[in-house]
Amino acid sequence: MAKNYDIIIAGAGLSGLSLAWYLAEGGYEGKIAIVDATFAPANDKTWSFWTKDKPPFEDIIYKTWSSLYVSVLDYEHTFALKDYTYNAIRSGDFKEHVLSRIKKLPNVDLFEEGILDMFSKKKKKAVLKTKSGDTFVAKYIFQSVLPPTGLDRTKIKYPLIQHFLGWEIQSNQSVFDPDLPTFMHFDEDWNDGVAFMYTLPYSKNRALFEYTIFSKSLEEEELYEDKIVEYLRENYGLNENEYIVGRKEFGQIPMEDRPYLPWYDKRVMNLGTSAGLPKPSTGYAFMRIQKHVKLLAESLISGNKPVLPTHSKAQFRYYDKLLLHILSTSTNDSLNVFHDLFKNNSIQQVFAFLDEQTNFFEDLKIMNSVPYTPFLKAIRENLRHK
Ligand SMILES: Cc1cc2nc3c(=O)[nH]c(=O)nc-3n(C[C@H](O)[C@H](O)[C@H](O)COP(=O)(O)OP(=O)(O)OC[C@H]3O[C@@H](n4cnc5c(N)ncnc54)[C@H](O)[C@@H]3O)c2cc1C
C-alpha cells in the first residue's frame, strides 16, 4: 500500500531539512514525509558563509569571525569584514537542531530508507520508491538525492570540480589565531590544479585545515594529507607528533558552467546541489540554498505553485564561465586574477560580486581591477565554441 502525503522531501541534508524548517516556521499544515538513508547527525560537513544580515540558524552557529586572511603570490592581507560576518555551521549540529523541532510536529513523518527512484504519475501525483520496496505518493517531491536528469557531463565545457580534504587538528601548542580564518592561501609551489589552503581556527589549539583544489579530477587521499602536514610544519612549526587529527572532512562540489534543470521530473523538483545551486566559480552554496528553500516554503504555505530556484542573471553566468575558463586552462593566470582581485578591491566588493549583487558599473570596476589578458582569451574561446 502506498503511503500518501501532500509533499515528500527526499533527502534530509542541507536543502531538504532547511525546507522542512521553513515550512515548520511558517505553519505549513499539509502532511510531509521526509525520506533519507540516515537521520543520524554527523559532523561530516562544515558549511561556511558570509552575510551582512542576521545569519540563518543563528542558534547553532559554531563560530563567527569578523576578519579573513588572504595570501596570493606576493600579496597578503587581513581583511576586516566590517558589516559582514563569516560563519560556520556543522552539519551534525544542523541536523540535530532541525530534527528535534520537526519530529514533534504531528504533520511530519520521517522514514529512514534508501531511495531508489522518483517519478511523476498521471493525476498530478509524484511517486517515490524506496530500496526496501515502500511506495510514497504526494502532490510534489522535493529532492536532493539524485543528480538531475538530462545532464551529460561529457558535454560540459569546463569539467571542473572543487575538491578538498580537511583535517580538524588538535595541537598540543597554542599556535592558531582563533579570530583569523584563512579564506585562501595559495602557494606557488603547489601544482595540483588551482590549489589553496583554507583554514577555520576554532581556538588557539584547534582548527580545520582544508587543502582545496579546482581541477578536473580527484586526487589520492595522501596528496591532500601531505599538503596539510607540510603546511602545519612550515606555517606553525608543528611536527606530526605535536597534534592529533580529530575529524576528517572530504568534499567534491561540481563547478558547472550551465544551469541545471529545476525539475527532475514533472512533479519532482530538484533542490540544493541537484538544482545546480553551488556558485559555479566558487562552490559556495549555503546561502543560495537558503534563499531558494525559504521562497519555496513560502509558496507552498500560501498554496501557490512551488517557486523554482532562480538562476543567476546572464551577466553573472557569463563571468562565471570566463572564470571557469581561466581556472581550467592556466594556474598562473588564475593566481594573477586572484592576486589583483584581492589587492584592488575591498572584501566587501568581492563578496557583493560573488553574491551577484553588484550593478553593471560595479562589475566593470571589478573587471578593470584584474588582468585583462586571461579574460580576453576566455572571451575569445567562448565566442569560438559557442
Ligand atoms: C564536505 C562539504 C563541505 C561544504 N562546505 C560548504 C561551505 O563551507 N559553504 C557552502 O556554501 N557550501 C559548502 N558545501 C556545498 C553545499 O553547501 C553542500 O554540499 C550542501 O550539503 C548541499 O546540500 P544538499 O541538500 O544539496 O545535499 P546534502 O546536504 O548532501 O543532502 C543530501 C541528502 O541526501 C541523502 N541521500 C543521498 N542518497 C540517498 C539515497 N539513495 N537514499 C536516501 N537518501 C539519500 C543524504 O543522506 C543526505 O542527507 C560543502 C559541500 C561538502 C560536500
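If you model the chain as an ellipsoid using its alpha carbon gyration tensor, with each semi-axis the square root of five times an eigenvalue, the axes come out at 36, 26, 20 Å, biggest first. Counted over segment 160-255 with a bin width of 10 Å, the fraction of Cα pairs per bin, in whole percents, is 17, 52, 27, 4.
Sorting Glu112, Glu58 by accessible area puts them as Glu112, Glu58; the probe is 1.4 Å, largest comes first, and only protein heavy atoms count. Solvent-accessible surface of segment 10-158, taken per residue with a 1.4 Å probe and all protein chains present: 48 Å². Averaged per residue, segment 314-384 has 50 square angstrom of accessible surface, using a 1.4 angstrom probe with ligands and nucleic acids left out.
Could you pull out the pairs from Lys104/Lys125; Lys121/Lys266; Lys3/Lys129; Lys45/Lys248; Lys216/Lys377 whose alpha carbons sit more than 18 Å apart here? Present the calculation step by step, with values, prior to reporting the outcome.
Details: Lys104/Lys125 27 Å; Lys121/Lys266 9 Å; Lys3/Lys129 11 Å; Lys45/Lys248 9 Å; Lys216/Lys377 20 Å.
Check vs 18 Å cut-off fails for Lys104/Lys125; Lys216/Lys377.
Determine, from the Cβ-Cβ distance of Asp83 and Thr329 and an R0 of 51 Å, the FRET efficiency 1/(1 + (r/R0)^6), rounded to the nearest 0.05.
0.90
Counting protein heavy atoms only, segment 208-269 has 44 percent of its accessible area on carbon and sulfur, 1.4 angstrom probe. Each label point was placed 7 Å from the Cα along the Cα-to-Cβ direction; for Lys31 and Lys139 their separation is 1.4 nm.
By its C-alpha gyration tensor, with a ≥ b ≥ c as the square roots of the eigenvalues, how is segment 314-384 shaped: rounded for a/c under 1.5, else prolate for a/b larger than b/c, else oblate?
oblate
Within straight-line reach of Lys82, meaning a Cα separation under 22 Å, sit the following lysines at least 8 residues removed in sequence or on another chain: Lys52, Lys54, Lys63, Lys343, Lys365.
The values are calculated or read from the model by the stated rules, or taken from the named source; none is laboratory data. What you see is a predicted model; the values in this text were computed from it and never measured. Please note: Cβ atoms are built from the backbone with ideal geometry, for glycine as well, and neighbour counts cover all protein chains shown. The accessibility values were calculated without ligands, DNA or RNA, using every heavy atom of the protein model including side chains. Shrake-Rupley method; radii C 1.70, N 1.55, O 1.52, S 1.80 Å.
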